[in-house]
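Worksheet for the structure shown next.
The values are calculated or read from the model by the stated rules, or taken from the named source; none is laboratory data. Everything numeric in this text was worked out from a predicted model, so none of it was measured. Using ideal geometry, Cβ is built from the backbone for each residue, glycine included, and neighbour counts are taken over all protein chains shown. We work out accessible area using only protein heavy atoms, side chains counted, and drop any ligands, DNA or RNA first. Shrake-Rupley method; radii C 1.70, N 1.55, O 1.52, S 1.80 Å.
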Amino acid sequence: MLQSHAIALAQARSYVAALSDHANSHEASSAYEQVLITLDAVHGDQSPGLDDERPGPAGDGVLPAAAAAIKALEEHGVDVLWVELILAILEDARALDAR
Amino acid sequence: MYGETGDLLRSELAALLRQHRIQQRLGADSSSNTREIASAEARAADGQVIQQYRRTILNWCAQTVLAATPLTFSAVSPAPANPFLRADRDPTPVEQLARGLGYVQERTSASAASLELLTTVQENPVVEHWRQAARAAALAEHDTGGPVSTSRLTAAQARALVGDVAAITQALVVLDHRYRNIPGWVSLPHTRSLGWAALATALDVSLGQPDYTVDQTGWRPSVKQLRGPVKPGITGVLQAEHNLLVHLKAFPTVLVQDICKACLTTSARRARDAHPCRERGWSSQPSPPKASPRR
């Protein structure tokens, strides 16, 4: 995996993990974690780990940043169908979190 | 080839996933710029056509995963057997996906798209994307459908094929949820379990080593000769080489004998040109240097 790809993937996972940590319900948190699972399914065993010691970012800008980081994976060879699937699952998690 | 049809199918489904607010997009053609929602009858009519296209894609998914299942092996190690229980093997994620797709195929009432529906260009852009995806799935049946095609695949190639089916199944589940408010829309049965089976299959495939040379397999059009007058220069040489290859792949005829004779004659002539020294009687030893006069 190239360094730029690893950085984009790490950013996407970090933002989605932060969304999961600050979700309003357990169902929404699980839905965000499904995004992480799908990201790991696409990249196999090559996903970089998350930092558990430092708290993730919070605020309204996290969701657009997560979507942009996932969209950027398309430039690194990730199949376009998988990118759109992950964005759709992220959107469903956001809708669940907004209830 | 499967690479072309699979790529078309995935790109069209990705284009459909990018489209939100589906109620505003149905029931109108591409020339309509209004954001008003069309009548319920128009949206229902488009919904019925989309369901037929969806059935065609589902048929390909079910057929392909059923044919590829015997070639795949789970990358997840099985749980240790309980000696006090009957030794039944838990189904692998691929088997669960095949079972789920078979169940959905049996319970779906919509029929597959007819040849006329697959070949008629649709005015609505959303319906046209579905038509292109269904057309790609119908063409992919020639590449991957049935045990005859999949018997030529390796286990790694079958794993890559199953990974594609898992992604397409997840896309159909997401789109089914997004389209549920269309008048007359019939949702797929047990979409949650189907979606989880597809995700588990994708995870299982990613833990192994899928071989994406499966894109090179499938149906290819037959190669024909380049007829017409002989083209000048290097183009004519390429034309001759192409036609020669086509002849060599066909049933051997007298023409092959003429080609072999021409090759022998050309090789003998080139061999003489490669050793001009022997032909002209020159010695192979270098001549001694001439002595310079003393001053």
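Side notes on the structure shown:
- From B:Arg135, B:Arg192, B:Arg152, residue being over 16 Å from B:Gln52 (Cβ atoms), open to solvent by 40 Å² or more (accessible area, probe 1.4 Å) and either more than 14 Å from chain A (Cβ to nearest Cβ) or modelled with pLDDT of 90 or more (or both): B:Arg152
Table: residues versus (1) farther than 22 Å from B:Thr201 by Cα; (2) in contact with an Asp or Glu (Cβ under 6 Å, 6 or more places away or on another chain); (3) acidic (Asp, Glu); (4) at pLDDT 90 or above.
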| site | (1), (2), (3), (4) |
| --- | --- |
| B:Ala67 | no, no, no, no |
| B:Ser74 | no, yes, no, no |
| B:Ser77 | no, no, no, no |
| B:Ala112 | yes, no, no, no |
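- Of all residues in region B:89-122, those satisfying the criterion of being open to solvent by 50 Å² or more (accessible area, probe 1.4 Å) and part of a loop (DSSP other than H, G, I, E, B) are B:Arg89, B:Asp90, B:Ser109, B:Ser111, B:Ser114, B:Thr120, B:Val121.
- Tally of residues being within 19 Å of B:Leu118 (Cα to Cα) and at pLDDT 65 or above across region B:28-42: 0
- Any pair with Cβ under 8 angstrom, 6 or more apart, that starts in region A:76-99 at a residue that is facing chain B (nearest Cβ under 7 Å) and ends at one that is surrounded by fewer than 19 Cβ atoms within 10 Å (Cβ to Cβ) and among the hydroxyl-bearing types (Ser, Thr, Tyr): A:Val80/B:Ser11; A:Leu81/B:Ser11
- Entry remark, region A:24-39: residues being in a helix (DSSP H, G or I) and open to solvent by 40 Å² or more (accessible area, probe 1.4 Å) number 6 in total.
- Considering residues of region B:258-276 that are at pLDDT below 80 and either of a type in the set (Lys, Arg) or not in a helix (DSSP H, G or I) (or both) only, the residue nearest to B:Leu248 (Cα to Cα): B:Arg272
- Residue in region B:56-64 that is at pLDDT 90 or above and within 14 Å of chain A (Cβ to nearest Cβ) present: yes
- Criterion violated by B:Tyr179 - all others in (1) closer than 29 Å to A:His43 by Cβ; (2) open to solvent by less than 20 Å² (accessible area, probe 1.4 Å) satisfied: (1)
- Residue-level check: of (1) more than 9 Å from chain A (Cβ to nearest Cβ); (2) under 23 Å from A:His43 (Cβ atoms); (3) in contact (Cβ under 8 Å) with a residue 40 or more places away in the chain, B:Asp164 misses just (1).
- Test: residue in region B:222-237 that is under 30 Å from B:Val165 (Cα atoms), under 26 Å from the mean Cα position of the chain (by Cα) and crowded, with 17+ Cβ neighbours inside 10 Å: no
- Among the residues making up region B:1-27, those that are more than 12 Å from chain A (Cβ to nearest Cβ) and polar (S, T, N, Q) are B:Thr5, B:Gln23, B:Gln24.
- Filter pass, B:Leu199 being in contact with a helix residue (DSSP H, G or I) (Cβ under 8 Å, 6 or more places away or on another chain), of a type in the set (A, V, I, L, M) and under 21 Å from B:Ile168 (Cβ atoms): yes
- Residue count for region B:195-210 satisfying the condition of being modelled with pLDDT under 85 and in a helix (DSSP H, G or I): 2.
- Considering residues of region A:41-90 that are charged (D, E, K, R), at pLDDT 80 or above and surrounded by fewer than 18 Cβ atoms within 10 Å (Cβ to Cβ) only, the residue farthest from the chain's Cα centre (by Cα): A:Glu75
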